[in-house]
1. For the stretch 541-572, name all the residues that are under 18 Å from LEU684 (Cα atoms) and either over 34 Å from the mean Cα position of the chain (by Cα) or surrounded by fewer than 21 Cβ atoms within 10 Å (Cβ to Cβ) (or both).
2. Within the set of pairs 6+ apart or on separate chains, which have a first residue in the stretch 241-267 that is under 11 Å from GLY190 (Cα atoms) and open to solvent by 100 Å² or more (accessible area, probe 1.4 Å), a second that is β-branched (Val, Ile, Thr) and assigned to a loop (DSSP other than H, G, I, E, B), and C-beta atoms under 7 Å apart?
3. I'd like to check which helices (runs of 4 or more DSSP H) are fully inside the stretch 60-152 and have at least 1 residues that are open to solvent by 50 Å² or more (accessible area, probe 1.4 Å), more than 27 Å from GLY29 (Cα to Cα) and not β-branched (Val, Ile, Thr).
4. Filter the stretch 620-634 for residues that are assigned to a loop (DSSP other than H, G, I, E, B) and either among the small types (Gly, Ala, Ser) or surrounded by fewer than 17 Cβ atoms within 10 Å (Cβ to Cβ) (or both) and give the result.
5. Just to verify a result, which residue in the stretch 375-412, among those that are hydroxyl-bearing (Ser, Thr, Tyr) and assigned to a loop (DSSP other than H, G, I, E, B), is surrounded by the most Cβ atoms within 10 Å (Cβ to Cβ)?
6. Could we say that ALA358 is open to solvent by less than 40 Å² (accessible area, probe 1.4 Å) and either outside any loop (DSSP other than H, G, I, E, B) or of a type outside the set (A, V, I, L, M) (or both) here?
7. If you take the residues in the stretch 183-213 that are more than 13 Å from GLY252 (Cα to Cα) and open to solvent by less than 60 Å² (accessible area, probe 1.4 Å), which one is nearest to the chain's Cα centre (by Cα)?
Amino acid sequence: LADHRLPLRSNSILSLIFALARAVGIDVGRVQSEDTKLSGEAVYWIEAVAADLARHRGAGLVLAGEQQPAQVHLLVHAINQALGNVGPGLPVEWTGPVEVRPADAPASDLDSLASLVTDMRSGKVSTLLILGGNPVYDSPADLYFAGALTKVRQRIHHSLYEDETSAACTWHVADSHPLESWSDLRAYDGTATIVQPLIAPLFATHTAHEVLAALLGAPADGEKIVKAHWQGRLGKSGEEFEALWRKSLHDGVVAQTMLPAQALKLRAGWQRSLVTSAPPNGVEIVFRADPTIGDGTYSNNAWLQELPKPMLKTTWENVALMSAELAAAHGLKDRDVLELRLDTRSVRAPMLIAPGHAPDSVTVALGYGRRRAGRVGTGLGFDAYELRTAAQPNFASGLEFSKLSSDYALASTQDQQTMEGRELVRVGTLAQFRIDPTSVVKSDELFDELRPPSLFPSYPFTLPEAKPTYAWGMAVNLNSCIGCNACIAACQAENNSPVVGKDQVRRGRQMHWLRVDTYYRGDVRNPEIFFQPVPCMHCEKAPCEVVCPVMATTHSDEGLNEMTYNRCVGTRYCSNNCPYKVRRFNFYQYADDETELFKALRNPDVSVRTRGVMEKCTYCVQRITAGRIQAEGDDRIIQDGEVRTACQQACPTEAIIFGNINDPASRVSKIKAGPLNYALLGALGTRPRTTYQGRVRNPNPELA
C-alpha cells in the first residue's frame, strides 16, 4: 500500500541502506559500500527519501524487515537515531531490561542449532528433549539434523502434532492446545498476561510446563505451576496474593508489569562492525514464511490452506514468484513448472508472475512439502526448506532454474468473480482531496450521479409501533485495508462455512462469504496495488430478491438481505442476478456431520448448511440478535459498537465499521456522511448498505 515502492533484490538492500545512511549525514567509516552498483532509479529514490526524512525529523520512521541481516538493522537504528526519531513519545521507544550477551553465547539461534548438531554427531548427546518445533522438517538443509538425530539414544518430542520430528523420535508426548493450557505471555511493551484454559483437554495431553516439571520430579499441574511462579514474582502470599491472582485473571493483564523505558544509544565506534556483502551473483532466491500457514506449523488447518494468499490468491500450495522481466528473459509464463537448483540441491515448483516483484529474484514460500502433517497438510506443494542453508537462511544468490512442463493445475481465485472492467476502487491524491474532498470518489458514470428512480419496491425502515428501529450498514475504509484476509478466516469460523478443496476452488466453487479483491494499476514492473473487501452488499434494492421463485431470499425490516436455507431449492437465479457476485452455492455435502470432534469447532449459533442451497454474508445476524436480546432485557436500545461483525472484530487495521445508520451519531453514519463515501457499482441503483471510503494517496512530488 506504499505510495512509492522500489523493487529491489534482497541482497541489494544493504547497499541501499549504506547509501541512505550517508544521504542523511551519517559517517559509516571507511566501509566501501556498493552504492555504485545501485540503479539510477534507486539513487534518485534515495535522494528523495533522505530529503523527506530530513524535513520530518522526529516524526519519521525507518524499518528493516526481520529477514534482513544484522548490519541492515544496525544501520536502520543509526538512521533513526540520527534523525531524532528515538526517545519517549517519538516513533521509536525502547523498553525492557538491558541484557548483556555473554562472550561465549552463540551469535544466533542457527549457530546454536549447528552447535547442537555437531554434539549429536559426535555422540555427546545421549538424551534430547525437543519442546515444540519440527527441526527434522524445517532446519537448514546443510545441517542434516535428521541424520544427526539418529545418533542420539533417547529422543523425546513434545508437540501438538505427530509430525516429521515425532516420527524420528523414540517418544512423542502430546502437547496441550493453547486453549487447553495454563501459561503466561508478554506483550510487546512487556505487560504480562495469564493464559487460562477455555476448555478441558480433549485428549491426554500435557503442557511444556508440566513436562519439564515431571522431568524435574515436581508436581505436574499446569495451574499450580503458573500460580506458584507468579506468587514468587509478585512477592505476595495468602489472601493478598489470591486477590491479585483473581484480578489478573479477570482483567487479562498482570498490573504494573510493563517493562521500563530505556534510553539507549549506539556505542561509539559502532561503524567498525560494518563489512560489505558479497556482490550479487546471478539470480537470487528469497525464502519467506507462507502468509497463511507460516513456517508449516499450521499445515493441517484446512481453513488456512484454502484461504487465498494476499496477493495472487493461490490456495492449497506454494509457488515460485518472479518478475515479468525475469519470466520473459527465460521464455516462461504463469503455471509453468520449474526445477529450482541451488548448489547441489533442487526442487520442482510451479511459477507465477508477481506484478511489482524485484528483478533477477525468485521468492518461494516455506511451510509446504510436508510428509507428516495430518489428513489435510501432507503432500501439498514443494519443500523449499530443501534449498535453505544455515549460512543463508533468508536469501541466497546463484539460483538456477529450467522449465519442465506447462499448464500446471494451480488453484487461484484472482481471476474469479470479475466485474467486467466496471469502476471499482476509487482513488485520488491528498492534493486533490484538499481542493475538493468529493473529487476522489466522483464517478464518470452519469447514472451514479443522477440516481434515477428504481423499479424495485421501497422498504419501510420505521415501524408504526414505538419501538427502536435499526438500519444496519457497513463502511469499509480502503485506506486501511492491507489485504491480509483475516476477515475471510474470521467469517468462515463464525458462520460454519465449509472447506471445498483444491479441485472445487479451481472450478470457482469456494464457499467463502467474503473475498478481498486485489487490483493492479500501471506498469507491471512496479504497479500501484489496491485491496477491496467485498461481502454481501445488503442492497436496499436487491436484484437477488425479485428473481427467487420460492422467496428464499427476502428483506428484513432492518435492511438485511436474508436467506431462508430450508426454503432454497438451488435455482441459483439470485447468484446470476447479483452484480457483485457475492453468493455461494453449496454444490456438495462438504461438511462432515458425523465425526464427533468436528462438531466442537462449529459455532452453535449458526446452522450448518447441507448441499443444494445458496449461502451468503448475513452481517452476522446471530450477533445482532444476541445484542437485541441483551438490550431488550436491559430496556434500552443497542448501543453503537455493541454489535461487531466477525470480519470487523478480526480486522487488525479497523478498516471495517458496522452499525446502525438510523443513528446519526453512530460511527458508521458519520463515516458514510463523509466526502470519501461511495457505493460500489452505485450506477446500478441497488442502494447497497455496504459502502466504501475512497483511497487517498500522498505521493512525494520528487518521486512523481
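The values are calculated or read from the model by the stated rules, or taken from the named source; none is laboratory data. In this text the structure is predicted, and so the values were computed from the model without any measurement. Here the Cβ is made from the backbone with ideal geometry for all residues, glycine too, and neighbour counts use every protein chain on show. With ligands, DNA and RNA removed, areas are computed over all heavy atoms of the protein, side chains included. Shrake-Rupley method; radii C 1.70, N 1.55, O 1.52, S 1.80 Å.
1. LYS541, PRO543, GLU545, VAL546, VAL547
2. Pairs that qualify, where the first residue is under 11 Å from GLY190 (Cα atoms) and open to solvent by 100 Å² or more (accessible area, probe 1.4 Å) and the partner is β-branched (Val, Ile, Thr) and assigned to a loop (DSSP other than H, G, I, E, B), are MET258/THR191.
3. It comes to 109-121.
4. Here is the first cut: in the stretch 620-634, the residues assigned to a loop (DSSP other than H, G, I, E, B) are 620, 634.
Of everything in the stretch 620-634, just one residue is assigned to a loop (DSSP other than H, G, I, E, B) and either among the small types (Gly, Ala, Ser) or surrounded by fewer than 17 Cβ atoms within 10 Å (Cβ to Cβ) (or both), namely ASP634.
5. Applying the filter and picking the extreme gives TYR408.
6. In short, no.
7. Across the stretch 183-213, the extreme among qualifying residues is ASP189.
Residue-by-condition table, conditions (1) touching a residue at least 12 places away in the same chain (Cβ under 8 Å); (2) part of a loop (DSSP other than H, G, I, E, B); (3) in contact with a Leu (Cβ under 7 Å, 6 or more places away or on another chain); (4) of a type in the set (D, E, K, R):
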| residue | (1), (2), (3), (4) |
| --- | --- |
| ALA542 | yes, yes, no, no |
| VAL546 | yes, no, no, no |
| LYS581 | yes, yes, no, yes |
| ASP593 | yes, yes, no, yes |
| ASN603 | yes, yes, no, no |
| CYS617 | yes, yes, yes, no |
